[in-house]
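Here the structure comes first, spelled out in structure tokens, and everything after it is commentary.
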Amino acid sequence: MGTTPFGLEINFQNGLVSTPNVITERRLSQVRRVYRDQAAVDRILSDEGDRLVYQVYGADLPEDEGQVLYCTTIIQPGTVGGEYHMTKGHYHARRDRGEVYLGLAGEGMLLLMLEDGTLRSIPMHPGTAAHIPPYWAHRTVNTGNVPFVFFSAWPGDAGHDYGTIEDTGFADLVVEAHGKPALIPNPRFPRKP
Ligand code: S6P
Ligand code: ZN
């Protein structure tokens, strides 16, 4: 039978969704493991408290085959030990499920990675429609000075696998170098000899 049709209003500037019924907030203490420099995380937590890194606003829809789920993500500007604020990042539990991202405000970077460590990056700005093919893990990074806002839509039965990325991270880190984003190898990522 599916669900009843409805429309939500999305504010493209700040990513807020009218009457969202799913709101996720990720603070630094909850996502600290994504950063290389754990001493920098501790310093921020004791000096300024548990800063907001990103929020997700969505609609409560069934995670069923045939449904298309959607949400907005707002990543606050900032760095931790030289790495830009970023999402946790994940593979879809069903690896053969893709996704679409649309940049709404601010500047960011989409990192994509296959399980063998093959990495791609796509700069994102308002209007960038990024295709995330099946099998690619994905993480977004705010590389600008204002909130980076984007819209995503993905298959209802995709599911999320966070554990694989939590263990190893992505093959590259996105760091600030002379005020600009640069990719450098992640020492924690297991590489074949
Ligand atoms: C869902 C989609 C996005 C992310 C969101 C937060 O498949 O890729 O909506 O969930 O950007 O990222 P993460 O890695 O914390 O789920
Ligand atoms: Zn996804």
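In region 1-23, of all residues being part of a loop (DSSP other than H, G, I, E, B) and among the hydrophobic types (A, V, I, L, M, F, W, C), the one that is modelled with the lowest pLDDT corresponds to Met1.
Within region 1-28, track down each residue that is more than 21 Å from the chain's Cα centre (by Cα) and among the aliphatic types (A, V, I, L, M).
Those that are more than 21 Å from the chain's Cα centre (by Cα) and among the aliphatic types (A, V, I, L, M): Met1, Leu8.
Under the condition of being in a strand (DSSP E or B), more than 16 Å from ligand 2 (Cβ to nearest atom) and farther than 20 Å from Val80 by Cβ, the residues counted in region 119-146 number 2. Only one entry in Gly66, Gly106 is at positive phi and surrounded by 16 or more Cβ atoms within 10 Å (Cβ to Cβ), namely Gly106. Among residues of region 149-170 that are assigned to a helix (DSSP H, G or I) and more than 9 Å from ligand 1 (Cβ to nearest atom), those with a beta-carbon under 8 Å from a residue that is at pLDDT 95 or above and among the aromatic types (Phe, Trp, Tyr) at least six positions away or on a different chain give the pairs Thr164/Tyr91; Thr168/Phe189. From Asp172, Asp167, Asp116, which residue is surrounded by fewer than 15 Cβ atoms within 10 Å (Cβ to Cβ), closer than 22 Å to Gly81 by Cβ and not aliphatic (A, V, I, L, M)? When all the criteria are applied, what remains is Asp167. Quick check: anything in region 175-189 within 16 Å of ligand 1 (Cβ to nearest atom) and either more than 21 Å from Ala40 (Cα to Cα) or at pLDDT 95 or above (or both)? Among the residues of region 175-189, not one is within 16 Å of ligand 1 (Cβ to nearest atom) and either more than 21 Å from Ala40 (Cα to Cα) or at pLDDT 95 or above (or both), which makes the answer no. Name the single residue that is farthest from Phe148 (Cα to Cα) among those in region 87-112 being in a loop (DSSP other than H, G, I, E, B) and of a type outside the set (Lys, Arg). Among residues in region 87-112 that are in a loop (DSSP other than H, G, I, E, B) and of a type outside the set (Lys, Arg), the one farthest from Phe148 (Cα to Cα) is Asp96.
The values are calculated or read from the model by the stated rules, or taken from the named source; none is laboratory data. Everything numeric in this text was worked out from a predicted model, so none of it was measured. Because the Cβ atoms are built from the backbone with ideal geometry, glycine has one as well, and the counts that use them run over all protein chains shown.
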